[in-house]
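S.K.: Pasting in a structure now, in structure tokens, and then I'll have a few things to ask.
The values are calculated or read from the model by the stated rules, or taken from the named source; none is laboratory data. Worth saying up front: this structure is predicted, and the values here are computed from it rather than measured. Ideal geometry is used to build each Cβ from the backbone, glycine not excepted, and the neighbour counts take in all protein chains shown.
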Amino acid sequence: MLSRSNGKSGTREYTALLLLTVGLKLSDTTPSILFKSGKIAAWVIPLLAFGVMVVPFLLLLAMLKSRPEKGLTDLLFLAAGRWGGMLIGLALCLVTLVSTAFGSRTYVDIINTMGYQRTPLFALYLMLMAAVFYVANRGFETIGRTAWIVVPYIEVFLALLVVFVWYDVEWQHLFPAAGPGLPILLREGANHGSIFGEMILFTAFIPLMRNLQEFKIASWIGFGACAVKIAGMTAVYIAVYDFPPAENMAYPFQQLTRAASIGQIISHLESVFFAFWLITTVVHFAVYVYLLAFLFARSLGLDTFEPLILPFTGLTMLIGMVPENSSRVNQVLDTTLHVSTYMFILLPFVLWSMIRLRRLVH
Amino acid sequence: MSDKGNTPGGIPENMPHHLSERLDENLTLIKHLFAFPDNTALIIRNLRVPALDAEAAIVFLEGAAEPKLIESTILEPLLAKPSLPYQQPDKLEAVLREIVTSPSGKKLVELQVLPGELLKGNTIFLLEGEAGALTLETPGFQSRSVTEPQVEHVLKGPKEAFIESAAVNRSLIRKQLKERQLVSETISIGQRSAKDISLLYIKDLADPELVTEMKKRLKAINADTIANLSILEQYIEDRPYSLIPSALLTERPDRACSFLMEGHIVLIMDNSPTAMVVPVTFWALFHTPEDQYLRWAYGNFIRVVRILAVFVALLTPSIYISVSTFHEEMIPTDLLLAIGATRERVPFPALIEVLVMEIAFELVREAAVRIPSIIGPTIGIVGALILGQAAVEANLVSPILVIIVALTGISSFTIPEISFNFAVRILRFIMLFAASFMGFFGISLVMTCVITYMVSFKSFGVPFLSPLSPHYRSSKDLIVRPPVWKQWLRPFNIRSQDSQRKNKPEGGD
């Protein structure tokens, strides 16, 4: 006899979710930020960042290993006590809220700039967030299943994009390979660890997974593939645009879709890529809004968090509407990226020492 | 409801619950129940049984019971048998066991069940001095003979279809499925005029929880009467307002059998030329039996054609609107100029154009279903010539639009299942409005929500898009199928008790 579906996600669904959610970073302003610090070798930074985040992630997994069905939030309470856990939980929540709000604003800016210049920003934002809310409100399991349905098409279209611009790719643009020099690259890699900050944050989802083993497998495949994807696409941007021009490009992915063509006749495919990119965007933000509500409720010790999804969707949008233009958004995002990097790297170590300390005291 | 003073059997509460020993009293009760003598359908035949040396009567309903059968299996033996010492001390038992020759019958003592037996076409035998009656099976309802399916045609494969008789339909399934564990349970529902529903499943395959859930839902139905399966479907479905159906009605016995073998439940009812299958998934709605009957390559070819048709039917008009109003750069310049030239003389925006043609097409379609078949051909002339040709010549719509609407229409005809067909057609209009409002942005957002809705929809606890998402082990018979000999696994999402159809074949994966 087989058991009925118990509302939990498996390896495939979670891997797909990671591929879309984290992988989407290759199409926003992340590569532009990387160009500024990594120059010609910007494409190495995602790989380095992933390498840096592996250490705290492993530590966190080691701590969770002996505690089945427990996630990040439970660990916070275990390590820092009731008030301390709540404080750290709310801090994580705040970081997620800021990055989600400004992140979503970036996406709306992209939509506004690249396709819908005459539509008010607010209207686009509202429609996007309405869809995000609808998807998020159906629960983690549903988001994962949706991701699993669409992920093959998204990845195929990403591969097609590379094929369609292959004619413009000049790999020699990637040399000199070390770019600004190895020491700088290593430092920037560590600084940009929060590109994969989800490795720490998403451990909160462990209670929603079937078991820790599936979570681990999915995380390694998902984040590993995303590191390769982001690095690969960043390399393609440089190979197509060459270095100094790439740095001045606001949205390299969208520019690339404009360059894609099939033969002589069909030379404008950006709308097709745009459609698929948008589906991914909705899934991406649905995960974040869900995570926000989940983190917030767990930090305050609330049992139900579904009613919080709507207020957090609204709050995300309100904060996202605050900056006047996209360069302000980028400044804030860059700062959050740095601050949260330290936070994500240090958090597992802090938790680990706190648990150790508690054991010594008792 | 019983607030009219009726018990569940439809008997007024002030009547006695049990039959009396006196024949004339019993007959008066029955006459009263069936509004005799106004109701001339009630036929009472008094007789004297020489074998028992007693007055008796047989009662049946005209139209429900078969008189020839009554004559040969009841009347003749009763009147012909000599007076012998019978083995049974009880006289009614003696009649049932030793005299009448009808294939099935039973003794009853409660008045409550008596009208139901008469309405089913059974004959009631009453005997003076006995506080009971015999009910003998003599069904005589008329039904047509088994014919070819009207909706689910195949080129290759069996050509028998269900008819309006539940007994014949059950027999059609038995004929295909020689299976010891095939259970046929009967459940009566409806408060005033109870109807029997047959619940068919394979005992050692179907998930017992699913069977219990199904029975629970059937028993929870609060209705006067249930006319047929199409009405029943609407009583037991998961989400009444959803565009997605929770059950599948098929008119093909072979299809019903293949679902039974996967662990589904099949419901059969009188007056329904279909069988109802639960639970259903997207794949059940999308597949046709022909996909399996044709060889691997041909079967997959028509599958690919059909999945393409689903997307064409759903999205073509909205993509046309999006491309022509929001993303003109996508169209090659020559074609863009050509479209522009033909649209030049059309005074309406693209949305109005598409709506006019789409609505016209839906009108033609609905008319074709309702029109008496003898004047059917007029639809073709009016639809094709006047709506298509003349609308273009009158500059109401552009020629490219006629192509798009025709393509959409043809594609929607390839969707085999009626409920799914409607879902796609209705969704098409939603997509159309989303596209005309925001172009690809609108289509993408609505599409994401639709996918999310589909993955979260469940039919009797089975996710709609499983075993694809959420993933379950199965024979991978989804959009395309593996060769038949490789389909050795039953889909795990149906939670069948035995997950393997056969042992894993060599080279099977």
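S.K.: Among A:Leu351, A:Leu269, which is aliphatic (A, V, I, L, M), more than 26 Å from A:Ala136 (Cα to Cα), in contact (Cβ under 8 Å) with a residue 12 or more places away in the chain and within 14 Å of chain B (Cβ to nearest Cβ)?
M.R.: Answer to the selection: A:Leu269.
S.K.: Another question, then. Which of the following residues is away from chain B (no Cβ under 14 Å), within 18 Å of the chain's Cα centre (by Cα) and of a type in the set (Asp, Glu): A:Glu170, A:Glu155?
M.R.: Criteria check complete, one pass: A:Glu155.
S.K.: Cβ-Cβ under 8 Å, sequence separation 6+ or interchain: first residue in region B:254-281 and touching a residue at least 40 places away in the same chain (Cβ under 8 Å) and farther than 27 Å from B:His471 by Cβ, partner β-branched (Val, Ile, Thr) and in a loop (DSSP other than H, G, I, E, B). Which pairs?
M.R.: Pairs found: B:Met269/B:Ile226; B:Pro273/B:Ile163.
S.K.: Which one of these is under 30 Å from A:Leu75 (Cα atoms) and within 14 Å of chain B (Cβ to nearest Cβ): A:Ala286, A:Ala260?
M.R.: Every option except A:Ala286 fails the conditions.
S.K.: With respect to B:Ser475, determine if the residue is closer than 28 Å to A:Glu141 by Cα, within 14 Å of chain A (Cβ to nearest Cβ) and not hydrophobic (A, V, I, L, M, F, W, C).
M.R.: No.
Residue-by-condition table, conditions (1) surrounded by 17 or more Cβ atoms within 10 Å (Cβ to Cβ); (2) in contact with a Leu (Cβ under 7 Å, 6 or more places away or on another chain); (3) touching a residue at least 40 places away in the same chain (Cβ under 8 Å):
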| residue | (1), (2), (3) |
| --- | --- |
| B:Glu393 | no, no, no |
| B:Ser411 | yes, no, yes |
| B:Phe420 | yes, yes, yes |
| B:Phe440 | yes, no, yes |
| B:Val455 | yes, yes, no |
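S.K.: (1) touching a residue at least 60 places away in the same chain (Cβ under 8 Å); (2) assigned to a helix (DSSP H, G or I): which one isn't true of A:Ala177, the others all being true?
M.R.: (2)
S.K.: Next question, about the same structure. Of all residues in region A:326-345, which are touching a residue at least 12 places away in the same chain (Cβ under 8 Å) and either exposed (fewer than 13 other Cβ atoms within 10 Å of the Cβ) or closer than 22 Å to A:Leu59 by Cα (or both)?
M.R.: Within region A:326-345, A:Leu337, A:His338, A:Val339, A:Ser340, A:Thr341, A:Met343, A:Phe344, A:Ile345 meet the criteria.
S.K.: Filter region B:317-351 for residues that are hydroxyl-bearing (Ser, Thr, Tyr) and touching a helix residue (DSSP H, G or I) at 6+ places or on another chain (Cβ under 8 Å); which is farthest from the other protein chains (Cβ to nearest Cβ)?
M.R.: B:Thr342
S.K.: Helices (runs of 4 or more DSSP H) wholly in region B:390-509 with at least 3 residues that are closer than 30 Å to A:Asn112 by Cβ - which ones?
M.R.: B:418-438, B:440-456
S.K.: Looking at B:Ser193, B:Ser198, can you tell me which residue is of a type outside the set (Lys, Arg), part of a loop (DSSP other than H, G, I, E, B) and either more than 28 Å from B:Phe286 (Cβ to Cβ) or in contact (Cβ under 8 Å) with a residue 60 or more places away in the chain (or both)?
M.R.: The unique qualifying residue is B:Ser193.
S.K.: Give the number of residues within region A:212-259 that are hydroxyl-bearing (Ser, Thr, Tyr) and in a loop (DSSP other than H, G, I, E, B).
M.R.: 1
S.K.: Right, here's the next one. Out of region A:1-14, which residues are surrounded by fewer than 24 Cβ atoms within 10 Å (Cβ to Cβ) and modelled with pLDDT of 90 or more?
M.R.: A:Thr11, A:Arg12
S.K.: If you don't mind, another one. Given the residues B:Ile221, B:Ile244, which is the only one that is in contact with a Phe, Trp or Tyr (Cβ under 6 Å, 6 or more places away or on another chain) and without any contact (Cβ under 8 Å) to a residue 40 or more places away in the chain?
M.R.: After applying the criteria, what remains is B:Ile221.
S.K.: Working only within region A:120-144, note down all residues that are without any contact (Cβ under 8 Å) to a residue 12 or more places away in the chain and surrounded by fewer than 16 Cβ atoms within 10 Å (Cβ to Cβ).
M.R.: Answer for region A:120-144, where residues must be without any contact (Cβ under 8 Å) to a residue 12 or more places away in the chain and surrounded by fewer than 16 Cβ atoms within 10 Å (Cβ to Cβ): A:Pro120, A:Ala123, A:Ala130.
S.K.: Let me ask something additional. For B:Val151, work out the one condition from (1) surrounded by 16 or more Cβ atoms within 10 Å (Cβ to Cβ); (2) in contact (Cβ under 8 Å) with a residue 40 or more places away in the chain it doesn't fulfil.
M.R.: With respect to (1) surrounded by 16 or more Cβ atoms within 10 Å (Cβ to Cβ); (2) in contact (Cβ under 8 Å) with a residue 40 or more places away in the chain, B:Val151 is out only on (1).
S.K.: For region B:142-190, how many residues meet the condition of being part of a loop (DSSP other than H, G, I, E, B) and on the phi < 0 side of the Ramachandran plot?
M.R.: Here the count works out to 28.
S.K.: Something else about it: Within region A:93-152, take every residue that is within 10 Å of chain B (Cβ to nearest Cβ), part of a helix (DSSP H, G or I) and of a type outside the set (A, V, I, L, M, F, W, C) and give me the one that is nearest to A:Phe294 (Cα to Cα).
M.R.: This residue is A:Asn137.
S.K.: For region A:27-39, give me each residue that is touching a Ser or Thr at 6+ places or on another chain (Cβ under 7 Å) and assigned to a helix (DSSP H, G or I).
M.R.: A:Pro31, A:Leu34
S.K.: Kindly check whether there is at least one residue in region A:301-310 that is closer than 18 Å to A:Thr203 by Cβ and either without any contact (Cβ under 8 Å) to a residue 12 or more places away in the chain or crowded, with 22+ Cβ neighbours inside 10 Å (or both).
M.R.: No.
S.K.: Could you check region B:377-406 and list, in sequence order, the residues that are of a type in the set (S, T, N, Q) and either more than 36 Å from the chain's Cα centre (by Cα) or not assigned by TED's automatic domain parsing to the domain that holds B:Met357 (or both)?
M.R.: B:Gln389, B:Asn395, B:Ser398
S.K.: Right, another one. Taking the criterion of being part of a loop (DSSP other than H, G, I, E, B) and of a type in the set (A, V, I, L, M), would at least one residue in region B:245-268 satisfy it?
M.R.: The answer is yes, given that some residue of region B:245-268 is part of a loop (DSSP other than H, G, I, E, B) and of a type in the set (A, V, I, L, M).
S.K.: Take the conditions of a type in the set (A, V, I, L, M, F, W, C) and modelled with pLDDT under 90 and apply them to A:Val329. Does it pass?
M.R.: Yes.
S.K.: Looking only at residues that are closer than 26 Å to B:Ala227 by Cβ and out of contact with any Ser or Thr (no Cβ under 8 Å at 6 or more places or on another chain) in region B:195-211, which one is surrounded by the most Cβ atoms within 10 Å (Cβ to Cβ)?
M.R.: Per the stated criteria, the residue is B:Tyr201.
S.K.: Just to be sure I understand, how many residues within region B:455-465 are facing another protein chain (nearest Cβ under 8 Å) and on the phi < 0 side of the Ramachandran plot?
M.R.: 4
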